[in-house]
Amino acid sequence: MKIMVCIKQVPHQDARLDVNGAGTWIQEENIKFEINPYDQNALEAALQLKDKEAGTEVVVVSIGPERVTQSLRTALGMGADRAVHVKDGAADGSDSLGTAKILAAVAKAESPDLIFAGFMSDDGNLAATGPMLATLLGIPHTTTAVSFQKNGAIQVERELEGGALEVVELNTPCLVTTQTGMNQVRYASLKGIMAAKKKPIDVKTVADLGLAGQVGADAAKIKIEKLYTPPKGQGAEILSGSVDEVVGKLVGKIKELGLL
Amino acid sequence: MDRPALTDLAEEERVFRDAVRAFAEEKLRPLAGPMDKESKLRPEVIPALFELGLMGIEIPESLGGAGASFFMSILAIEELARVDASVAVVCDVQNTLVINAIKKFGSPAQHERMLGKLASGAVGAYALSEAGSGSDAFALACRATPQGDDFVLRGRKLWITNGGEAGLFLVFATVDPAAGYKGITCFVVERGADGFTIPRKEDKLGIRASSTCELVFEDVVVPRANVLGDVGRGYKVAIETLNEGRIGIAAQMVGLAQGAFEGALAYVQQREQFGQKIGEFQAVRHRLARAAIDIEAARLLSYNAARLHDAGQPFLRQAAMAKWFASDVAERVASECLELYGGIGFTTECPAEKYLRDAKIGKIYEGTSFVQLDTIAKMLFSEGA
């Protein structure tokens, strides 16, 4: 079986984020990046299948600049077999559809039985790329998986509103997007990292994929007009002190304003 | 020729450092305080170190290790110590002393047998010190008497790191007290050997979760096949492995200082006094700036010594300097950072006091600071400036 895992490199959860000079994205210089946490669960799900089924190949795919290599090496160190890196300035500024087109082109060349992706990215939060990719490929998909089983067909428990779970069954080839916490993500071991040095990273351009002019900022239907921190709300009062003091002050306020 | 900066990590070094850091933050940070109070490692810690490949860093892949560089050991020790110096020293002794000694002095048959074991789950310990021989290590009294194809070991070892967990011990004993240091021989003794007991664990100021034990050998029979290096050449094993060991301790102290520093840097940006964050006071800012300089310098000394080692260049002087300086920095930084917390820093509620207690050992084990200065001075006079 061949599994493709889509991973995105996003700012590390501990990184300090500032808006860039143009006010259109964050300032990316000198901050730390990591594999999108949702994608880490996607990768772990693929690796667990590989551990169970001999002969399974896990291919990780990512789009982005040179720094993305470190995330791909980490994925290879965790146990993925090889990587595809779409490294091309022409892909910059792609919206979800552009990203999905690039991934679809890679998927067509790879023809995986199963595609895993995080259900959304920690930076964009759109949750659109996975379903779009499945639609472009014409394969079934399901989203926000919290558990995954493969006994012939694929069985997924997915998260719904209000804590409800839904069980979905899919035939391969299909695409599953993963929720965080669905599994315990492994660390790349030193042995794995040393072995990863010898694993191939296939670097591709947008033109290699036959998508020249179809992706990137110019082709994007969604553009970020402005990114900003909302001004602090007026009229808010922060109560300070010990828990008892704060509770006392809060009760006082409620009475004072005649809210009860 | 490509000569990157010392702190410019190769891609695999960066991936590894980040993996160890994530492990330390997520799995060790919550345990560091409790393990210190309990004076014991939690049982899941050592298996996790093996799983990450941190216990056989330089063991060849063919024997089950990672086949990585000495510098990787330094990165691992530093990152572990940033969160818990006790866990760091478990990894340090395993890699820089025990595996290093066996790799350097073991026969191919010993490599297969012993490195295989160390890669797959056995913790190693390095037993040199005795009650009467600390800095004067070669005044040791532990005695090994030839008996047919074997040796019979008799004596006591003191302050042995990892003694509580180790399955494999490198034990230094003399086959001929009259021969002085030329009688010293290194033996590999396994836990559970008849007559080998571990009666006592020390109660310590710092690195409390790391076990420091007394070992007793009462007529323990050790086969000749377990002599590491040549009979009467154990002093060479000891001298040559402790050089790398010093870089390991330097890295431990760099990581510890970094951990103490990061805690204080975050605290001063939230704590308010006199109507402002205390991090806005120039005195506080300058103290942190000095600490950052100290840590950077200690890290450069450590990385340089490790990279010299990996390049096959002489590194003894640099190793001694790195250990002397890094242990001094760790103690000073841990102490000065604790003061930035004020009262709470002095309580066990705050991790600052643990960093200070853990730092103290840096100037003592694997060659005291006095011994490092002696080593450096001796080289100045024999080799010139």
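The values are calculated or read from the model by the stated rules, or taken from the named source; none is laboratory data. Note that the structure is predicted; figures quoted are calculated from it, not measured. Methodologically, a virtual Cβ is constructed for each residue, glycine included, from the backbone with ideal geometry; neighbour enumeration extends over all protein chains shown. Just so you know, the surface numbers come from the protein's heavy atoms only, side chains and all, with ligands and any DNA or RNA stripped out. Shrake-Rupley method; radii C 1.70, N 1.55, O 1.52, S 1.80 Å.
The residues of the stretch B:273-328 that are within 25 Å of B:LYS104 (Cα to Cα) and among the polar types (S, T, N, Q), listed by number, are B:SER302, B:ASN304, B:GLN313, B:GLN318.
When the residues of the stretch B:42-53 are filtered to those that are buried (at least 20 other Cβ atoms within 10 Å of the Cβ) and without any contact (Cβ under 8 Å) to a residue 40 or more places away in the chain, the one that is nearest to the other protein chains (Cβ to nearest Cβ) is B:GLY53.
Search the stretch A:188-202 for residues being within 7 Å of chain B (Cβ to nearest Cβ) and open to solvent by 40 Å² or more (accessible area, probe 1.4 Å), and hand back the single one that is farthest from A:MET78 (Cα to Cα).
Start the filter on the stretch A:188-202 by keeping residues that are within 7 Å of chain B (Cβ to nearest Cβ), which leaves A:188-191, A:193-194, A:197.
From what is left, the residues that are open to solvent by 40 Å² or more (accessible area, probe 1.4 Å) are A:191, A:197.
Details: A:LYS191: 9, A:LYS197: 12 Å.
If we take residues in the stretch A:188-202 being within 7 Å of chain B (Cβ to nearest Cβ) and open to solvent by 40 Å² or more (accessible area, probe 1.4 Å), then A:LYS197 is farthest from A:MET78 (Cα to Cα).
Within the stretch A:13-33, residues that are free of Cβ contacts under 8 Å to residues at least 24 places away in the same chain and part of a loop (DSSP other than H, G, I, E, B) reach partners that are of a type in the set (A, V, I, L, M) and open to solvent by 70 Å² or more (accessible area, probe 1.4 Å) with beta carbons closer than 9 Å, at six or more positions or on different chains, in the pairs A:GLN27/A:LEU17; A:ILE31/A:LEU17.
Among the residues making up the stretch B:231-262, those that are of a type in the set (Val, Ile, Thr) and either outside any helix (DSSP H, G or I) or open to solvent by less than 30 Å² (accessible area, probe 1.4 Å) (or both) are B:VAL231, B:VAL237, B:THR241, B:ILE247, B:ILE249, B:VAL254. Do we have any residue at all in the stretch B:310-321 that's touching a residue at least 40 places away in the same chain (Cβ under 8 Å), not assigned by TED's automatic domain parsing to the domain that holds B:PHE70 and not in a helix (DSSP H, G or I)? Yes, some residue in the stretch B:310-321 is touching a residue at least 40 places away in the same chain (Cβ under 8 Å), not assigned by TED's automatic domain parsing to the domain that holds B:PHE70 and not in a helix (DSSP H, G or I). Number of residues in the stretch A:155-182 that are of a type in the set (A, V, I, L, M), within 21 Å of the chain's Cα centre (by Cα) and within 20 Å of A:MET4 (Cβ to Cβ): the value is 4.
Of all the strands (runs of 3 or more DSSP E) wholly in the stretch B:137-228, which have at least 2 residues that are open to solvent by 10 Å² or more (accessible area, probe 1.4 Å) and more than 17 Å from B:VAL93 (Cα to Cα)?
On the way: elements: B:143-147, B:150-161, B:168-174, B:184-190, B:196-201, B:212-223.
By residue number, B:143-147, B:150-161, B:196-201, B:212-223.
Just to be sure before I move on: is A:GLY241 more than 22 Å from the chain's Cα centre (by Cα), within 14 Å of another protein chain (Cβ to nearest Cβ) and open to solvent by less than 60 Å² (accessible area, probe 1.4 Å) in the structure I sent? Working first, answer last.
Numbers: more than 22 Å from the chain's Cα centre (by Cα): yes; within 14 Å of another protein chain (Cβ to nearest Cβ): yes; open to solvent by less than 60 Å² (accessible area, probe 1.4 Å): yes.
Criteria met by A:GLY241.
The rows are residues; the columns are (1) touching a Leu at 6+ places or on another chain (Cβ under 9 Å); (2) within 13 Å of chain A (Cβ to nearest Cβ); (3) in a helix (DSSP H, G or I).
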residue	(1), (2), (3)
B:ASP8	no, no, no
B:ASP18	no, yes, yes
B:ALA24	yes, yes, yes
B:PRO30	no, no, yes
B:PRO34	no, no, yes
B:LYS37	no, no, yes
B:LYS40	no, no, no
